[in-house]
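Before any comments, here is the structure.
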Amino acid sequence: MHVPDGFLDAPTSVATGAVAAVAVACALRGARRELDDRTAPAAGLVATFVFAAQMINFPVGAGTSGHLMGGALAAVLVGPWTAVLCLSVVLVVQALLMADGGITALGTNITLIGIVTVVVGYGVFVVLRRVLPKRLGMVAPAAAVGALVSVPAAALVFTLLFAVGGNVPVDLGAVMTAMLGWHTVIGVGEAVVTGLVVASVVATRPDLVHGARPLLVERELELRTGVGR
Amino acid sequence: MTTRRLFAVALVVSLLVAGVASYYASSHPDGLEYVAEQTGFIDSAEDSATVDSPLADYQTSGVDDARISGGLAGVIGVVVMLLLSTGLFWLVRRRGTDDDESGIVDSGDVDSDDARAERARQSEA
């Protein structure tokens with residue numbers, strides 16, 4: 001859902017630009033806690049993979065398509081602050097190098113694809129991790145559900161931005177219905193890709209999955225008490 | 001699997017996805033474009049200021065074969081992404097072990113050999 005230049009008026013674009021700038025500044029501080037010598041290269045690879053995956057549009061019927069956004073995926077793998085930075089780098093490279101997503105719309109795209117998907121996707125993931133059984137096998141399904149919800153959430157926020165600053169007066173109800181409908185279907189694709197990738201990494205190196213760490217700590221405590229007996 | 005091998009797998013997968021698989025991606029408009037067409041605001045889209053970029057629209061200008069043109073743009077994009085993002089995260093990362101906040105890193109049970117070796121190398125430096 002890369003927003004091109006021209007969809008939103010200047011004040012709205014300036015406002016989303018400010019939101020994006022503040023969020024990236026906060027993320028630069030927050031990501032320090034998530035990144036060390038081992039996770040920094042991992043985060044670089046996650047950003048690179050998200051860029052590559054966003055090139056794959058999958059058909060979702062009736063002549064339309066969608067691709068991975070990757071906010072929930074990146075947040076579960078490398079942490080939410082780092083995920084905001086991952087998606088921001090992806091969107092800057094796409095806008096500057098590939099002319100994918102507008103330049104004046106960069107703040108809007110960072111807000112929608114870099115912030116909303118991360119906040120909603122990771123938020124849902126954390127809630128599910130709390131209520132589901134405390135097992136590593138639950139990490140990928142929880143990430144998938146977070147991913148599923150994150151896509152229509154971004155579509156909803158776009159529609160609200162369009163209601164405030166759309167350059168063409170069209171039926172907002174129709175925009176809302178169509179945006180939520182199609183992006184719920186695209187969200188299913190997002191959930192499948194996110195679930196598979198997270199499951200693969202959890203199966204090979206759970207210690208490298210940010211969202212799996214609390215479960216690993218608990219597992220280890222159990223092991224140690226076992227040894228003590 | 002060692003950290004190094006996992007990273008290598010991730011890089012190879014990214015290169016294959018961007019360089020090869022992208023050719024087979026759907027060329028239908030994405031969800032937002034489609035909705036914009038259906039509800040009547042697609043015409044307000046303007047060309048990006050970077051539309052003349054040599055890699056605009058994930059095609060390498062001057063390369064006629066669509067498969068090579070798109071694949072090359074994808075591979076260049078992956079290399080640029082890797083350098084930019086890894087560089088950024090390397091600068092942002094927490095250094096040393098004095099303020100280590102992630103409890104799992106120092107745990108022997110789940111730690112990998114190469115992570116330990118990595119730390120040993122660092123403490124020597």
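The values are calculated or read from the model by the stated rules, or taken from the named source; none is laboratory data. All values derive from a computational prediction rather than experimental measurement. Positions of Cβ are backbone-derived with ideal geometry, glycine not excepted, and every protein chain shown enters the neighbour counts. For accessibility, only protein heavy atoms count, side chains too; no ligands or nucleic acids. Shrake-Rupley method; radii C 1.70, N 1.55, O 1.52, S 1.80 Å.
When you go through (1) buried (at least 24 other Cβ atoms within 10 Å of the Cβ); (2) in contact (Cβ under 8 Å) with a residue 40 or more places away in the chain; (3) in a loop (DSSP other than H, G, I, E, B) one by one for A:Ala47, which number turns out not to apply?
Single failed check for A:Ala47: (3).
Across segment B:44-61, which residue is farthest from the other protein chains (Cβ to nearest Cβ) among those that are open to solvent by 30 Å² or more (accessible area, probe 1.4 Å) and more than 12 Å from A:Gly6 (Cα to Cα)?
Residue satisfying both the conditions and the ranking: B:Ser61.
What are the residues in segment A:186-215 that are β-branched (Val, Ile, Thr) and more than 10 Å from chain B (Cβ to nearest Cβ), if any?
A:Val188, A:Val192, A:Val193, A:Thr194, A:Val198, A:Val202, A:Val209, listed by residue number.
Among A:Pro41, A:Pro11, which is part of a helix (DSSP H, G or I) and either crowded, with 24+ Cβ neighbours inside 10 Å or touching a residue at least 24 places away in the same chain (Cβ under 8 Å) (or both)?
A:Pro11
If you take the residues of segment B:1-12 that are without any contact (Cβ under 8 Å) to a residue 12 or more places away in the chain, within 7 Å of chain A (Cβ to nearest Cβ) and in a helix (DSSP H, G or I), which of them is farthest from the chain's Cα centre (by Cα)?
Among them, the one singled out is B:Leu6.
Return the total of residues in segment A:60-78 being under 11 Å from A:Val46 (Cα atoms) and either open to solvent by 20 Å² or more (accessible area, probe 1.4 Å) or not hydrophobic (A, V, I, L, M, F, W, C) (or both).
The number of residues fulfilling the criteria is 2.
Among the candidates A:Val145, A:Val119, A:Val131, A:Val149, single out the residue that is under 15 Å from A:Val84 (Cα atoms), open to solvent by 40 Å² or more (accessible area, probe 1.4 Å) and of a type in the set (A, V, I, L, M).
Exactly one of A:Val145, A:Val119, A:Val131, A:Val149 is under 15 Å from A:Val84 (Cα atoms), open to solvent by 40 Å² or more (accessible area, probe 1.4 Å) and of a type in the set (A, V, I, L, M), namely A:Val119.
Select from segment A:23-38 the residues that are part of a helix (DSSP H, G or I), surrounded by fewer than 20 Cβ atoms within 10 Å (Cβ to Cβ) and within 7 Å of chain B (Cβ to nearest Cβ) and list them in ascending order.
Across segment A:23-38, the qualifying residues are A:Leu28, A:Arg32, A:Arg33.
Given the structure, is A:Asp37 among the charged types (D, E, K, R) and in contact with a strand residue (DSSP E or B) (Cβ under 8 Å, 6 or more places away or on another chain)?
No.
If we keep just the residues of segment A:155-184 that are small (Gly, Ala, Ser) and facing another protein chain (nearest Cβ under 10 Å), which is nearest to A:Pro80 (Cα to Cα)?
A:Ala155
Can you tell me which residue in segment A:52-74 is nearest to the other protein chains (Cβ to nearest Cβ), limited to those that are touching a Gly at 6+ places or on another chain (Cβ under 6 Å) and part of a helix (DSSP H, G or I)?
The extreme case among them is A:Gly71.
Every residue in segment A:180-215 that is among the β-branched types (Val, Ile, Thr) and open to solvent by less than 40 Å² (accessible area, probe 1.4 Å), please.
A:Ile186, A:Thr194, A:Val197, A:Val198, A:Val201, A:Val202, A:Val209
Within segment A:105-158, take every residue that is outside any helix (DSSP H, G or I) and free of Cβ contacts under 8 Å to residues at least 40 places away in the same chain and give me the one that is nearest to A:Gly181 (Cα to Cα).
A:Leu132
Give segment A:75-104 a look and list any residue that's within 11 Å of the chain's Cα centre (by Cα) and assigned to a loop (DSSP other than H, G, I, E, B), or say none.
A:Gly79
Would you confirm whether or not segment B:81-88 contains a residue that is touching a helix residue (DSSP H, G or I) at 6+ places or on another chain (Cβ under 6 Å), modelled with pLDDT of 95 or more, in a helix (DSSP H, G or I) and more than 8 Å from every other protein chain (Cβ to nearest Cβ)?
No: zero hits.
Looking only at segment B:19-39, decide whether some residue is closer than 19 Å to B:Leu82 by Cα and either facing chain A (nearest Cβ under 7 Å) or modelled with pLDDT under 95 (or both).
Checking segment B:19-39: at least one residue is closer than 19 Å to B:Leu82 by Cα and either facing chain A (nearest Cβ under 7 Å) or modelled with pLDDT under 95 (or both).
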